[in-house]
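Have a look at the structure below before the remarks.
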């Protein structure tokens, strides 16, 4: 089995790669920062598995991610599982955020995911098998102050995934979508320092999940061919009963302001 993980140099992506490496899969990780990629490969090979490789690419650049996937498949064979985990967040109120910071989140989180999926999807259809897991966020399920770009980019992945699920019926390709909660990653530490007080109030004081726990649930979802994977009571409630729940959340939040 050949597993490709974007955003695989740290956080959730690295832990997903570790699980598959421990299972004996051939694992390719793709990310932007060469030094972090090389460190991640050393880390993953410490599991005793040698079939680990990396490629440097920005998922927002379609030609870069296409080249990287081609190189991975040339080395390890066709992609059997893609975990599109690469993403970014830059909290700021809409009227205080630069256009470039807003657009960059859309480019990486939405278009970057689509670029990664595009790079493997046609081949999976031809072979009649494959699994794609799109990593969204709990923030896709409700609007959060200070996260206009992030919520927009992550919620758009729901429409993308659901449409692709409909298109792939009968093709042997499983399209899955997951909604992780706050997770202990290097990116989360940077984000937390910029998180507005209003967002903290809405999101509550629930402790972040460990990255390996999130990764385990993601991989179980892939194993089970689950269409959607939710995490914890709050996110599951929003995912299943959002239209009923969100008016009450909005009313509660408005009274706190």
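Where a number appears in this text, it was derived from the coordinates with a stated rule and is not lab data. Quick caveat: nothing in here was measured; it's all calculated off a predicted structure. Cβ coordinates were reconstructed from backbone atoms using ideal geometry, including for glycine residues, and neighbour counts include every protein chain displayed.
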With angles folded into 0 to 90 degrees, how steeply does helix 34-45 sit against the dominant principal axis of the chain? Use alpha carbons for both and round to 10.
70 degrees
Ordered by fewest other Cβ atoms within 10 Å, a rough proxy for footprinting exposure, 72, 22 read 22, 72
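With a cut-off of 8 Å between alpha carbons and a minimum separation of six or more residues, what is the relative contact order of the range 3-138 in percent? Numbers along the way, then the final one.
Values: 226 pairs, mean separation 35.5, N = 136.
Here the relative contact order equals 26 percent.
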Sort 142-151, 40-49 for me by packing, meaning the mean count of neighbouring Cβ atoms within 10 Å per residue, highest on top.
142-151, 40-49
Across 5 Å bins beginning at 0, the whole-percent shares of Cα-Cα pair distances in the range 1-109 come to 2, 13, 23, 23, 16, 9, 6, 4, 2, 1
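When the gyration tensor of the chain is built from Cα positions, what are the square roots of 5 times its three eigenvalues, in whole Å, from largest to smallest? Could the numbers behind the result be given before it?
Numbers: eigenvalues 182, 78, 60 Å².
One finds semi-axes of 30, 20, 17 Å for the chain.
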Just to verify a number: FRET efficiency for residue 220 and residue 93, C-beta to C-beta distance, R0 = 41 Å, to 0.05?
0.65
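Cut-off is 10 Å between beta-carbons; in what order do 102, 248, 231 appear when sorted fewest neighbours first?
Working: 102 18, 248 9, 231 21.
If I rank by nearby Cβ atoms, fewest first, I get 248, 102, 231.
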Between residue 255 and residue 192, how many nm apart are label points set 7 Å from Cα along the C-beta direction?
2.9 nm
Listed residues 228, 217, 194; largest mean-square fluctuation, Gaussian network over the chain with Cα springs below 10 Å, found at 194
How many angstrom separate the Cα center of the range 1-73 from the Cα center of the range 141-168?
25 Å
What's the angle, to the nearest 10 degrees (0 to 90), between helix 11-22's Cα axis and the longest principal axis of the chain?
30 degrees
Output the 0 to 90 degree angle, nearest 10, between the alpha-carbon long axis of helix 211-223 and the longest principal axis computed from the alpha carbons of the chain.
60 degrees
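Fewest Cβ neighbours within 10 Å first, please rank 98, 66, 136, 153 accordingly.
Listing 98, 66, 136, 153 from fewest to most nearby Cβ atoms yields 98, 66, 136, 153.
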